[in-house]
């Protein structure tokens with residue numbers, strides 16, 4: 001039964017267990033506020049995540065028909081149901097790596 005629910009999931013969210021940040025998962029890597037967890041879609045269904053996190057889902061029927069005043073019902077999607085945990089430090093998006101590198105070289109953003 002859970003497999004049929006997962007195929008109906010419209011929105012998948014990264015929820016860091018350290019900082020409790022919640023990020024909508026996209027094709028590009030999303031990183032939580034504390035930087036200890038990250039996630040990304042590796043294809044239209046599968047998500048890879050790293051760090052002390054869990055993946056939350058909202059059903060398509062709930063998401064598309066909801067109004068701003070309504071609350072969404074979400075649930076934890078366990079590993080293996082189009083969710084794969086990978087080991088290692090969270091991937092930081094390339095732009096953030098570049099900005100960090102530039103800031104280390106010159107706090108004003110000028111390359112030396």
Mind checking which residues of the stretch 59-85 are over 16 Å from the mean Cα position of the chain (by Cα) and assigned to a strand (DSSP E or B)? 59
Pairs returned, first residue in the stretch 23-43 that is on the phi > 0 side of the Ramachandran plot, second residue that is in a loop (DSSP other than H, G, I, E, B), beta-carbon separation under 8 angstrom, 6 or more apart or interchain, are 35/90; 35/92
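Taken together, the values in this text are just the output of simple stated rules run on the coordinates, not laboratory data. What you see is a predicted model, and the numbers here were worked out from it, not measured in a lab. Here the Cβ is made from the backbone with ideal geometry for all residues, glycine too, and neighbour counts use every protein chain on show.
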